[in-house]
Amino acid sequence: MDKWIEKLRRFSPFQKKAQKSFSITFTVVWNLILLFFVIGIIGLCFAGGVGAGYFASLVKDEPIRSYEVMKKDVYNYEETSEIYFANDVYLGKLSADLEREEIKLEDVSPHLVNAVIATEDELFYEHEGVVPKAIMRALFQEFTNSSTRTGGSTLTQQLIKNQILTNEVSFDRKAKEILLALRLERFFEKKEILEAYLNMADLGRNASGRNIAGVQTAAQGVFGVDAKDLNIAQSAYIAGLPQSPFGYTPFTNSGEVKESLESGTNRMKTVLNRMYTGGFITKDEYDNALTYNIKDNLTKKKPSSTEQYPFLTYEIENRAIEIIMKFLAEKDGYTEEDLTKDKKLKNEYRTIADYDLRQQGYRIHTTINKPIYDKMQSVAKEYEYYGSDKKQTKVDPDTGEDIVVNEPVEVGGVLIENTSGKILSFVGGRDHSREQTNHATKAQRQNGSTMKPLLVYAPAMEAGVVQPGTVIADTPFSVGSKTYVGTHGLTSARAALQYSYNVPAVKTYMKMIDQRPSSYLEKMGFTDMHEADKGGFASLSLGGMTVGVSVEENVNAYTTFANGGKFIDAYMIEKIETSNGDVVYEHESKQTDVFSPQTAYLTIDMMRDVIKKGTAASLNGYLSFNADWAGKTGTTQDTYDAWFVASNPNVTFGTWIGYDTPKQLEQRYKGLTYSKRNILLWAKLMNVAHEVSPDLIAPKERFQMPGGIVSRSYCALTGEIPSDLCKKAGLVATDLFNAKYVPTKVDDSLTQGKYVFVKDRAYRVPGTAPSEFVQEGVMLKKDILAKHSISNLTDLKRLLPNTVRWDNLVITEDKEIGDNGANPSPVSGVAASGGKLSWRANGDNDVIGYRVYAAANFSTDFKKVASVPASKSMTASIGNNPAAYYVVAVDVAGKESAPSAIIKNGDYVDKKPEEKPKPEEKPKEDTKPKDPPKQDKPKPKDPPKDNGGNAEKPDGNGENTN
């Protein structure tokens, strides 16, 4: 400045005067500038102080957050939980309001990262959380109410706003956002902030119409590719979505593609321009990206796991909630018992667990074998022998009015691995859209005769009450006012189970009722038993439960026999882990001792016979493979339900069919009974499982018999050691026994003596009885009546003919048979055929046998040729030689009836025909008259001897005149 003054001094006086005037003016102006500058500085300082004070007042209540707190908050975004089949095969996501899948930054396409930086925060790598210029610009636009808003938030600020604060529009929230953004930048590296933003951002909807967030979910949901594989145009489209997720998304909430994608593609072009001007892409890449057809490259609508696997997804969801509920409660110091006792507490934790499951991105690993499960669903859907739909009246949920619908036969099935308890597969129903009840795990039904091994025979064998060879009378049996009808006679426990006789099961159950056999069911996983059932109603032995049991629990109980008497609770969730791989739950199998190995094996061996030749014998023709199967069928009252459960050394599988609203199953449908229809379905399901895993479904080994089991013979009358008479009568049977409970007493229910039969009853021999009808053999003592709770000999006798080889045994009445004083009435129905003579039994009450008389060909001399006791069949062998026969009845006094009609056998005639002259011989002519030849008078035939009866006698031609 001094140089300028010196130059002015060199001027003329005029110049000097001007110079003086300019110097004064310049000095004044300069001082004014300095004054205003100082005032400005003071003003700015004042304004800054006021602003700082105001800023401080806005954030004074904001806590100072540590690194750990901020990290937890920043990464606390919702992530959808995922389900996996066995062997880590992906199934799908659980249903949630927002789908999100976390991804690492290194797995994201660089194009997408550049697109986000260019669009949302071009100075991201330079600023420390905020850009003052951008904030001032945003404030100016706010105060001036400018129509152009450029925004002032960095990616860091957006992350703070969405993850820690709210979307509230206020200076208070903005001040906190700035403060926290600055703090976040101190704690986190740029790549961590960017990764969190890419996982956090809301990005509209996917092709199925579901809300999505995070770039991996968007890449899959919009274009059907992983985030690492996005091209430039796709990256620009996704990067543009956060500004208006539902405005720019290409899909409607139903998953349809919008009619116009103009807003979204215009936004994409804006992003591409910023990428180009920012130097992220070349001109050629920019031009090529502009021509990319977004609509043609959108992914197709994909069914969700809930849509594709509804029964399985909902089942896993429910089980996972239960697991997480207990996990969270235990963290807070509560036990499972606390939750059971306090329903309110349980509901609270269940709500928390439900929310936690849908937001925390758990990875749920199940035991379900995908190939087996898929094939089983196909079989269940296509099976054609369920039966007919039946009408059912229901209340319309919309109108509240009664409507009539067609209700189909439903199905439930569960496949369990014995040694682990893993549920490998199940069939929840035929159509989830029609009926959402899971008939495998939730529907509870009476289990019919599948209850017998569980509640009756296995517990009874464990207690020594019965063994497979124990003899039980299947005769009418009353418990209280209820009478159970049995018609199969004396049978073994093995045969009773094989053919599913009810009375032997009820009788056996009632013998041990005071030992509370229902406790065995509780040990084997029956969780919802009604208190009334625990008391021990007789009908429970036949599956008549008050509430019922699910297919899962019923099948699970059967694995106890396959596991040597140890119960292992079935499960479907192997483990649950966080998205980071931290395991929060892992199943641990536990064993419960229920039966001894001997009882378990004997039950298995008895159930083998059910399949070999019992109620499930049809299975052998349906299965496409061989294995050592042991099982039991079941039918409930009025045939409302049909069951079949069977085990081999590896797996146990069971199916149920019935109507949701209990109704009678058709006795026959397309030629099959209801039981065979269910067995055929069981077989078809196992056949496809075998196709997938033959070694698992059809093990080569058989059930191994443990020590302590022996084979013993027993008398089929009492189950005791056979006596010589029992052997003589052919009543010896052999079976397996627990060595602790083998028979120790020799059977003494038999004796030997003489008897006669009248009308199929044996009597002591009276002195008048003809010896030819007196028989001698093995007879049964009356003591056997009390053993089998039979009231009279007639009932016991009625049992015997239905039982193999018991026709050798007789039971004598207490009294002798008496003579009625009259001759027996004639025998009727006599006929000859095939070398045998047959007749009808005489109806008189004192006839003890029959005599057969015969006359040879060319004779009428009838002689006795056979004596047939009344106990035998009404036949006699006569061969094919020509003869005539008649039959008489003989009573206890030896009196005969009048002869029956004479029956001719073969070409019988009573005399030889006369000989005729030979044609070549001619009689000599005699001229003398001759006397007529004498003709012999026919000799009268001797009639059968009359025994004093008054019956009609046959005439000479052998036909009855009546």
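All of the numbers you see were taken from the coordinates with simple rules; none came from a lab. Given the structure is predicted, the values throughout are model-derived calculations rather than measurements. Cβ sites come from the backbone with ideal geometry, for glycine too, and all protein chains shown count toward neighbours.
Along Cα→Cβ, 7 Å out, is where each label goes; now give me the distance between the ones at residue 622 and residue 754 in nm to one decimal.
Between residue 622 and residue 754, the label points sit 5.8 nm apart.
Past the 29 Å Cα-Cα mark, which pairs from 375/612; 331/590; 511/590; 301/375?
Long pairs (Cα-Cα over 29 Å): 511/590.
Run the numbers on region 527-571 and let me know its relative contact order in percent, using alpha-carbon pairs under 8 Å that are six or more apart.
29
Below 8 Å, C-alpha to C-alpha, sequence gap of six or more: please give me the relative contact order for region 833-912 in percent.
Across region 833-912, relative contact order equals 35 percent.
Set the Förster radius R0 to 45 Å, insert the Cβ-Cβ distance between residue 182 and residue 588 as r into 1/(1 + (r/R0)^6), and round the FRET efficiency to 0.05.
0.40
Order these by the 10 Å Cβ neighbour count, fewest first: 625, 567, 773.
625, 567, 773
Can you give the FRET efficiency for residue 332 and residue 302, using 1/(1 + (r/R0)^6), R0 = 41 Å, r = Cβ-Cβ distance, to the nearest 0.05?
About 0.60, to the nearest 0.05.
By counting other Cβ atoms within 10 Å of each Cβ, how are 130, 506, 549 ranked from fewest to most?
Sorted ascending by nearby Cβ count, the order is 130, 506, 549.
Could you list 541, 235, 828 so that the one with the fewest beta carbons within 10 Å of its beta carbon is first and the one with the most is last?
Lowest to highest Cβ neighbour count: 828, 541, 235.
Starting from the Cα gyration tensor of region 611-736, take the square roots of the eigenvalues, sort them a ≥ b ≥ c, and report rounded, prolate or oblate (rounded when a/c is under 1.5, otherwise prolate if a/b is larger than b/c, else oblate).
Here region 611-736 falls in the oblate category.
Based on the Cβ-Cβ distance from residue 813 to residue 516, what FRET efficiency comes out when R0 is 56 Å, to the nearest 0.05?
0.85
Cα gyration tensor of region 513-671, axes a ≥ b ≥ c as square roots of the eigenvalues: rounded (a/c below 1.5), prolate (a/b > b/c) or oblate?
Rounded shape, in that the Cα axes give a/c under 1.5.
What nm distance separates the two modelled labels at residue 382 and residue 97, each placed 7 Å from Cα along Cα→Cβ?
4.3
Once the piece of chain linking residue 402 and residue 912 is laid out straight, how much longer is it, given 0.36 nm per residue of separation minus the C-alpha distance between them?
In short, 174.5 nm is gained.
Can you tell me the length gained on complete extension of the stretch residue 479 to residue 106, counting 0.36 nm per residue apart and subtracting the Cα distance?
126.7 nm
Would you kindly derive the ³J(HN,Hα) couplings of region 207-221 from the backbone phi angles with the Karplus curve 6.51 cos²θ - 1.76 cosθ + 1.60 (θ = phi - 60°), listing them in order in whole Hz, with x for Gly and Pro?
5, 9, x, 8, 5, 10, 8, x, 5, 5, 5, 5, 4, 6, x
Expressed in nm to one decimal, what extension gain is obtained for the pair residue 123 and residue 528 from 0.36 nm per residue of sequence separation less their Cα-Cα distance?
139.3 nm
Put a dot 7 Å past each Cα toward the Cβ at residue 867 and residue 269; how far apart are the dots in nm?
Distance between label points: 12.4 nm.
Of 346/523; 452/534; 228/302, which ones are farther than 18 Å apart at the Cα?
346/523; 228/302
Quick query: amide H of residue 479 versus all other amide H atoms, modeled in the peptide plane; which residues come in under 5 Å with a sequence gap of 5 or more or a different chain?
Under 5 Å from the amide H of residue 479: 484.
I need the shape label for region 484-573. Rule: rounded when a/c is under 1.5, else prolate if a/b > b/c, else oblate, with a, b, c from the alpha carbon gyration tensor.
prolate
How big is the gap, in Å, between the Cα center of region 483-556 and the Cα center of region 748-792?
37
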